[in-house]
Each structure stands twice: as structure tokens, then as C-alpha cells.
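Below is one structure, written out as C-alpha cells; comments come after it.
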């Protein structure tokens, strides 16, 4: 006989509860002896005040020892840093001196070719030395100039006025210059006013516009970095690429890159010999001005341009340009005219190079 549904449910319930009933019966008949420990209050502190004070003193003493040790270590590192800094500074100074040494050697070599200076001056603006020249066919002077900043040199107009003129000595005295040399050529108008020849630039400005090179004329001057520039220019844009700062015009080019340049025929014979003024440079950008004496305007005394080319090459010059010569040639130092002007007196000129200590 099949059990009815109610009986079936009861059986399932009994089977599910059997384990729990067994555990309950077991707990009823088995006794467990569980002992709980009695509660005890925490033990009172046993360290006395004197012990705490002693421990604190010991800790402070240890901290003091550590501080002394730390200070000693810091001092050692500081001493090492100072020593290292001094060594690095010495190495940098040695390196700087080493870097300058080739330049010093080069300068001593080019200076030795000029001999011993008869006058010299040095300042934060300029190093300038004057040498005498005693060649077979002519005598003269060499002015070696190291421009240290823009304050060392100026190109000035006679009396600072276009159309006016004055001697190089007058211009140098008026400006308080240590030295001065005549500059470019000039042209006089019918009224006797004296104007610079062709392209002339002062303080980065063209005085009377740009004039293309004509009949061999060349611009001779300095750029904004105080480096010698010069040559023939057919347009202002061509010259402007060189960043000109000052300059004047004359003729011809004597040396370019250390090589002789062709001298126009008329300048080989008219005059053959004369008082000359030449502006040149070395490869370290120092300037050299050569001024030669001529006793008159006959063309029988002074130097030829070919002789000056030879002299420039001998001195190690890179570029050289002929400035106005003859009676215009003037070299001033310390308030006195050094050379012997071939006119027998100083000639008032339109432009002058002045040097400042």
C-alpha cells in the first residue's frame, strides 16, 4: 500500500531533524567541566620617578652623542665639498687659461714682427700699441689696436658737420681720444665745403645715401661686431648683409684673405710713392693701421702700394685697404702728431677714426 502524502512529508521531516535530535540527547546526558579564570586588575607600574629621570637622561645623552656624530659627518661632507669646489674652480681656471693660450701665442707672434712698441695704452675699452717702421725705401708707423667694446672707436665728421672739415689732431683733442688716424677720401664743392667721398656711414646710418663702387672705389669700415669689412659693393643690400656700423670710401683693396689684389694702373704711378694710410686686420680681428711718411707731393718719397702689400703679408695681415693718403695721412697720439704730413702742415679732413682709452 502506498503511503499517503501526509505520511511521506512526516518521514522526510524526521530524517532531516534526526542529527539535531541526536546532538540534543547527547548534551543532556554528557556534562562538560569548563573553568573560567577569575578577573584580575592590571599590575601597577613598578618604575619609580628617579628611574624615569635616569632613563630620560640616558636618552638625552645618546641623542647628544648622535648629534655630535652627525655634526662631525656634516662637517666632513662640507670640507669635502669645499675641497671639491676649489679643485673644480682650479680646473676651470686652468681650462680657461688653456683656451686663451693659443690666442696669446698668436698675438705675441704678430706683435714680435712689429718689434717693441714705442708707446702703448691699455684699458677696459682698448689695447693699443704704436710701433715705428724703418724700411729700406720708406719710414712710418704701425698702430696695432685691440677693440674691447664699442666705446673704443668712432668714425667722426670734421666738426661733426657734413660739409665741414678739421685736422685729425683737432678732432682727437675735441673728443679726448688717445689716438686718431685719417679716414676716407673727400670732395670739395664750389663753396669750399668738404664732403666725404661716396658711401660714408656713422653710427649705423648712411650719411648721404649709398653709392655703388665706381672707378675701383671701395667701402672700408667696421661691422656691428667691430670686425673689419670692405670691398666693392654694387648695391646697398649687398653691403647691408655685412651689418656695417661705420666706414668711409677710398681705393684700392690691397690684400684679401692674405692674398695680394690687383692694383689699378693709375694707382701704381699717380703717385708712385706717397705718404700712405692703410687699414688692415689680423685673423683674431685686431686692427692694424700703417702710416708712412712722404716728404712732399712729388711722388718721389714715401711707399708704393706694392711695397705695402709685401709689408702686410710679412706682418701676417688678412685683409688690407688703402685709405686717403698724401697730405691727408695723419697719425695722432696723446695730443701730438706722430708722423710728418707731406703738406708740411696738417690737412683739414672730412672724416677721422678716433680711439678711446
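Per-structure values
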read-out: Segment 282-299, residues that are within 15 Å of residue 129 (Cβ to Cβ) and part of a strand (DSSP E or B); value: 287, 288, 289, 290, 291
read-out: Selected residue (criterion: surrounded by the fewest Cβ atoms within 10 Å (Cβ to Cβ)) from residues of segment 323-357 that are within 19 Å of residue 176 (Cα to Cα) and more than 35 Å from the chain's Cα centre (by Cα); value: 348
read-out: Some residue of segment 246-265 being over 30 Å from the mean Cα position of the chain (by Cα), in a helix (DSSP H, G or I) and on the phi < 0 side of the Ramachandran plot; value: yes
read-out: Residue within segment 204-214 that is at pLDDT 95 or above, in a strand (DSSP E or B) and farther than 28 Å from residue 336 by Cβ present; value: yes
read-out: Top-ranked residue in segment 215-233 [being assigned to a loop (DSSP other than H, G, I, E, B) and modelled with pLDDT of 95 or more; ranked as surrounded by the most Cβ atoms within 10 Å (Cβ to Cβ)]; value: 233
read-out: Evaluation of residue 245 against (1) under 26 Å from residue 339 (Cα atoms); (2) surrounded by fewer than 24 Cβ atoms within 10 Å (Cβ to Cβ) (one fails), failing number; value: (1)
read-out: Residue among 285, 240, 310, 296 that is within 24 Å of residue 343 (Cα to Cα) and surrounded by fewer than 21 Cβ atoms within 10 Å (Cβ to Cβ); value: 296
read-out: Subset of segment 300-317 that is out of contact with any helix residue (DSSP H, G or I) (no Cβ under 9 Å at 6 or more places or on another chain) and part of a loop (DSSP other than H, G, I, E, B) - its residue that is farthest from residue 220 (Cα to Cα); value: 300
read-out: Cβ-Cβ under 7 Å pairs, at least 6 apart or on other chains, segment 185-212 side on the phi > 0 side of the Ramachandran plot, far side part of a loop (DSSP other than H, G, I, E, B) and at pLDDT 95 or above; value: 198/211; 198/217
read-out: Test for residue 174: is it modelled with pLDDT of 95 or more, more than 30 Å from the chain's Cα centre (by Cα) and assigned to a helix (DSSP H, G or I); value: yes
read-out: Any hit, segment 310-317, residues being free of Cβ contacts under 8 Å to residues at least 40 places away in the same chain and within 22 Å of residue 163 (Cα to Cα); value: no
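Here's the yes/no breakdown for (1) part of a strand (DSSP E or B); (2) surrounded by 18 or more Cβ atoms within 10 Å (Cβ to Cβ); (3) modelled with pLDDT of 95 or more:
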| site | (1), (2), (3) |
| --- | --- |
| 132 | yes, no, yes |
| 136 | no, no, yes |
| 142 | yes, yes, yes |
| 145 | yes, yes, yes |
| 151 | no, no, yes |
| 155 | yes, yes, yes |
| 170 | no, yes, yes |
| 184 | no, yes, yes |
| 187 | yes, no, yes |
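The values are calculated or read from the model by the stated rules, or taken from the named source; none is laboratory data. Just so you know, these numbers come straight off a predicted model, no measurement behind them. Because the Cβ atoms are built from the backbone with ideal geometry, glycine has one as well, and the counts that use them run over all protein chains shown.
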